[in-house]
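This report refers to the structure that appears directly beneath it.
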Amino acid sequence: MSDWIAPWIEEFGDKITQFLWTYTHDHELAQDLAQEAFVRLYRFHEAHPRQKVHAGWLYTTARRLAIDAARHRQRHPEALGDGPSDKIRGTAGFEQMVTTRLAVQRTLDSLPRRDRECLWLFYYQGWTVPDIAQRLGCSETAARTRLYRARHRFAQLWGDDDDDPAR
């Protein structure tokens, strides 16, 4: 691999593995999926060298890999072994967590782009309100207001979907 990806692995390797562990509750599987996420990042960069990639791309790819792994486990229960980590991965709690995360993603996707951006920057990227204000080109008060309204709209949509089995 090239020197291009080394800083990515150094900065995000452990973070992505920990992130994936929250989906899988299996350290070995999380490491395998993290490695696959970095391979995909490398391949993407090779195919599109001029396109800028941000950490969100890597987290989204990792999340999709975890969901695919969970779906594979559901379709192929015979693949489960007798080890304790295999039993944890096959639990209904894990499936419920994935289902809930997918429901959250659907709700976020139904929000206007402006709201999604505020929520993404604050909750997923860990940006502060001043950072968000600078990104959006507005005052901190305006950024706080946008974040408040985005949360409110998310809560309304989340509450309106009473037939969702994830909740």
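Applying the criterion of being outside any loop (DSSP other than H, G, I, E, B) and free of Cβ contacts under 8 Å to residues at least 24 places away in the same chain to the residues of segment 41-55, the residue that is least open to solvent (accessible area, probe 1.4 Å) is PHE44. Can you name every residue in segment 15-35 that is more than 15 Å from the chain's Cα centre (by Cα) and modelled with pLDDT of 85 or more? The answer is GLU28, LEU29, GLN31, ASP32, GLN35.
Taken together, the residues in segment 134-152 that are of a type in the set (Ser, Thr, Tyr), assigned to a helix (DSSP H, G or I), open to solvent by less than 90 Å² (accessible area, probe 1.4 Å) and over 26 Å from ARG101 (Cα atoms) amount to 0.
Contact map, segment 7-30: residues that are under 22 Å from HIS54 (Cβ atoms) paired with residues that are among the hydroxyl-bearing types (Ser, Thr, Tyr) and open to solvent by 10 Å² or more (accessible area, probe 1.4 Å), Cβ distance under 8 Å, separation 6+ or inter-chain. Pairs shown: ILE16/TYR59; PHE19/TYR59; ALA30/THR17.
Scanning segment 23-40 for residues that are in contact with a helix residue (DSSP H, G or I) (Cβ under 8 Å, 6 or more places away or on another chain) and surrounded by fewer than 15 Cβ atoms within 10 Å (Cβ to Cβ) gives HIS27, GLU28.
For segment 1-26, a tally of residues being closer than 17 Å to ARG64 by Cα and not basic (Lys, Arg) returns 13.
Across segment 153-167, which residue is nearest to MET97 (Cα to Cα) among those that are open to solvent by 90 Å² or more (accessible area, probe 1.4 Å) and modelled with pLDDT under 90? I'd like the intermediate steps shown before the answer.
As a first pass, look at segment 153-167 and keep what is open to solvent by 90 Å² or more (accessible area, probe 1.4 Å): 153, 156, 160, 162-163, 165, 167.
Then drop every residue that is not modelled with pLDDT under 90, which leaves 160, 162-163, 165, 167.
Values: ASP160: 20, ASP162: 18, ASP163: 17, PRO165: 12, ARG167: 10 Å.
The qualifying residue nearest to MET97 (Cα to Cα) is ARG167.
Looking across segment 116-133, just one residue is exposed (fewer than 14 other Cβ atoms within 10 Å of the Cβ) and more than 22 Å from PHE12 (Cβ to Cβ), and that is PRO130. Cβ-Cβ under 9 Å, sequence separation 6+ or interchain: first residue in segment 122-149 and in contact (Cβ under 8 Å) with a residue 40 or more places away in the chain, partner open to solvent by 90 Å² or more (accessible area, probe 1.4 Å). Which pairs? Filtered contacts from segment 122-149: GLN125/HIS54.
The values are calculated or read from the model by the stated rules, or taken from the named source; none is laboratory data. No experiment lies behind these values; they were computed from the predicted model shown. Note that we place each Cβ from the backbone using ideal geometry, even for glycine, and neighbour counts take in every protein chain shown. Accessible surface areas use protein heavy atoms only, side chains included; no ligands, DNA or RNA. Shrake-Rupley method; radii C 1.70, N 1.55, O 1.52, S 1.80 Å.
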